[in-house]
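Notes to accompany the following structure.
The values are calculated or read from the model by the stated rules, or taken from the named source; none is laboratory data. Quick caveat: nothing in here was measured; it's all calculated off a predicted structure. We place every Cβ from the backbone using ideal geometry, glycine too, and count neighbours over all the protein chains shown. Side chains are part of the model used for accessible areas, which takes the heavy atoms of the whole protein and leaves out ligands, DNA and RNA. Shrake-Rupley method; radii C 1.70, N 1.55, O 1.52, S 1.80 Å.
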Amino acid sequence: MPKAEQGSWVSLATDNKGRLISCDQNGSLYRITPAVHGADPESTKVERIDLPIGQAHGLLYAFDSLYVMVNGKMSPGKKSGLYRLQDTMGDDHFDKITKLCDFDGEGEHGPHSLVLGPDHKIYFTIGNHTRMMAHVDVSLPAPVYGDDFALPRHWDPNGHARGIMAPGGYIGRTDAEGRTWELVSMGYRNIFDLGFDPNGELFTWDADMEWDMGAPWYRPIRVVHATSGSDLGWRSGSGKYPAWYADSLPPLLDVGPGSPTGMVFGYGAKFPAKYQRAMFILDWTFGTIYAIHLQPMGASFTATKEEFVFGRPLPVTDVVIANDGNMYFSIGGRGTGSAIYRVMYTGTEPTAPVQALPPTAQALERHKLEAFHGHQDPAAVAACWPALGSADRFLRTAARIAIEHQPVAEWQDRALQESDPQAHITALVALARCAPKSILAKAYASFLTIDIAKLDFDAKLEALRALELLIIRLGMPDQPTTLRLVAELDPLFPASDYRLNRELSALLADLASPTIIAKVLAQTVNEEPAIVLSHDLDQLISRNGGYAGPIAQMLASKPQQMHIHYALVLSVVKNGWTPAQRTQYFSWFDTALNESKGGNSFKGFIRAIQKDALDNIPEGERQAVLDSAKNPLRRPVVAAELPQPKGPGHEWKTEELVKLAQAGMHKRSFENGKTMFAACQCTTCHRFAGDGGSVGPDLSSVATRFAARDIIESIIEPSKVISDQYQTTIFVTKDGNAVSGRLISDDGKNYLVAINPLDPSQLTPVVKAEVQSKSFTNISTMPPGLISRLNRDEALDLIAYLLASANPQDAIFK
């Protein structure tokens, strides 16, 4: 589709006549009648829907209406929110727009997709840069959630999601008229789409924070069973919950790095049975559609992944199963050219509709427990209490959420006196989250009746999390209780598993164990297992070359991740250090900053941990530590040190270089392309293949998302398409002053603005009450003309280097 006329499509839906409806990320709605199979694709009919509404990330045709999730500001009165379009005249043209709800957020982490649930309610996904709905009639998660960190949270040093607190991204639902609004599930980073299986089970998949790569809190993109009231544990900065936290739920599948977009179940498709039952998920970054095969297990599922469609570039955005039994998916986003593809099955296997797999007994039991979510019920405690001790984590969680919705006075004593170890631990998690601080002494006395050493592995982890929550929510115990807790935990550390070591070391630091410094410094974590991902890293490397190699290193380096965790643990310990221990500890930072690999924010996090550790040294001892420690910072690269092109230069135009690239992208020079990437100062602001700056977007996987034309256009005309994550905002205050920069966050009273693009960690507060106007500039912080010093071969080698994802074995160099 010509993007100059119809934009870049990011959402899809089917209407009551089997047509497709799509929307430009920054423009209008379109109705599409696909060409019949075998006909000229040019016979596809595309009609613009002539209404002042668009910028939709989510579309749903239901109740004789088109529901539109607007993400952005289309025109006065049409800001982000859920709108209903109706055809009141019956002439097949929408003529009425009704706003159902405003959402305070926009852009790539704003309000997203829509789907109709089996309860005939409209479900929607909301990204983590969008505030909670102004009015929530029902909250299925107990409204006692918090951030709840065992160790200090470090905000992202590049400013991403700074100041954003729980619940983060979430799933909500409403009725056809938008009369009631409910919170269904929470604790997500940036879920784009969601879907139901035929038994009414809800699934989604969540984004990773690629800037966290290499750190212990990095979480890959993940397939999630979004059960009633669930918390999936996203918290901003270094505070992301690990999968084992008892007050959250784990993913079904960690997929790896990527950018989740659309998803759909295969029911209704004329596909073989295996694919009718599959859940199809789209990864925009790596141009891939995966088929996720779910198998019931207990009260939830297991999941395996199969690559279904791959292309390069193939920036997949949304997917539907249409009335004709075929799959249709769109490509686009961030100004790239759009297209819609049809996927048909032409094999010989049967394609008759299949029945859904029957729900398990545990799933049915979970549904009974979930019926108590969101309200008080005198029968809830008695009905749900036995499941607190279930061996099934999803059952325990459903029961705990139901209990948390009931008045704490009804179950407080029962929680304190529970004799079953697993039920006791789960009840104490609920009690820590719900009870008043006046119960502190009783709660710790109750916890000390649990013999942690005799628990199985999973129960140990949950017991340690329960203790963390008691400390976080109720406060530190008295000195005699603290000594008893240290006496019980100290012999357990170090353990043989990194998960136990993470929780034990954090608790022993909080409790001021006299042995924690020596024990942590003595740890050699080289034997720790690598993180397990479902990505086929060999395949990833073969396709993406220089990008995937550093990914594999960053994700698989468990020793590196544990060292960072231990550095964070010791940063809070103020007393008990010897000079030799301080020297050993601070020497680690030099190694980490100069040798370890990570994402855009990796080294900034390490510097933040180092600063906290320095701040916790008594003032009289601090200078000695600074004098003895090595300089932890590499000297920054300045433009004079960068390689220079040979030239002669040329004022390149987009069409001119596109034509050259189309004709001359073979036998290019990898080394010269790499040199030109530095010569054009790209490496100063962009990460590529694991190295570079963090001012602009990571370009490592650019070839799987963008065609050569898009890449060339972005270099020569950087202001033509600007991601909202890097857009400059201009604030004009009532006294006439202007502040411009990247809007990082909003703490309620102030806009926090990064005015220096080369140092986004330095934030300037702008008082919201003093702001007269706020506008966006369409001028990129990337200057034009950076490529103008290159000659023909240098320019083509640079484009080849980007298209090959820094892979010297790519065919483009042969």
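Observations on the model:
- In order along the range 63-70, phi translates into HN-Hα couplings of 6, 6, 9, 9, 8, 10, 8, 6 Hz, rounded to whole numbers, per the Karplus curve 6.51 cos²θ - 1.76 cosθ + 1.60 with θ = phi - 60° and x for Gly and Pro.
- With an a/c value of 1.5 or above and a/b not larger than b/c for the gyration tensor axes a ≥ b ≥ c computed over the alpha-carbon atoms, the range 772-811 is described as oblate.
- Taking label positions 7 Å along the Cα-Cβ direction at both Phe457 and Val739, the computed distance is 5.0 nm, reported to one decimal.
- Estimated 222 nm signal from helices in the chain, with DSSP H stretches of n ≥ 4 weighted -39500 (n - 2.57), rounded to 500: -8000 deg cm²/dmol
- Solvent-accessible area of the chain (1.4 angstrom probe, protein heavy atoms only): carbon and sulfur portion equals 53 percent.
- Between Asp615 and Leu448, residue separation times 0.36 nm minus the direct Cα-Cα distance comes to 56.8 nm.
- A Stokes-Einstein calculation at 20 °C with viscosity 1.002 mPa s, built on the Kirkwood radius of the range 685-814 over Cα pairs, returns a diffusion coefficient of 128 µm²/s.
- The convex hull around the C-alpha trace of the chain, projected and averaged over every direction, spans 36.9 square nanometres.
- At a probe radius of 1.4 angstrom, the accessible area of the chain per residue rounds to 40 square angstrom.
- Among the listed pairs Lys734/Lys774; Lys674/Lys814; Lys79/Lys99; Lys17/Lys79; Lys79/Lys720, those beyond 18 Å (Cα-Cα): Lys17/Lys79; Lys79/Lys720
- Cα gyration tensor category, rounded, prolate or oblate, for the range 360-510 with a/c compared to 1.5: oblate
- Relative to the compact-globule estimate of 2.2 N^0.38 Å, the Cα radius of gyration of the range 315-403 comes out at 1.80.
- Sites Gln662 and Asp92 - FRET efficiency at Förster radius 25 Å, r taken between beta-carbons, to 0.05: 0.05
- In order along the range 181-198, the phi-based Karplus estimate (6.51 cos²θ - 1.76 cosθ + 1.60, θ = phi - 60°) of 3J(HN,Hα) comes to 10, 10, 8, 9, 8, 8, x, 10, 7, 8, 6, 9, 9, 7, x, 10, 7, x Hz; Gly and Pro are listed as x.
- Three-way shape call for the range 155-245 based on the alpha-carbon gyration tensor, with the a/c threshold at 1.5: prolate
- Net lengthening on full extension, Gln417/His375 (0.36 nm per residue, minus Cα-Cα): 12.6 nm
- Cβ crowding within 10 Å averaged over residues, with 317-326, 612-621 ranked highest first: 317-326, 612-621
- When the Cα positions of Ser601, Asn791, Ala441 are compared along the charge dipole of the chain, Asn791 comes out farthest toward the positive end, with charges on each C-beta of Lys, Arg, Asp and Glu.
- Scoring 788-799, 277-288, 728-739 by mean Cβ neighbours within 10 Å over their residues and listing the highest first yields 277-288, 788-799, 728-739.
- Length gained when the stretch Lys768-Ser496 is fully extended (0.36 nm per residue, less Cα-Cα span): 92.8 nm
- Each peptide in 643-656, 303-316 receives the mean, over its residues, of other Cβ atoms within 10 Å, and ordering these scores from highest gives 303-316, 643-656.
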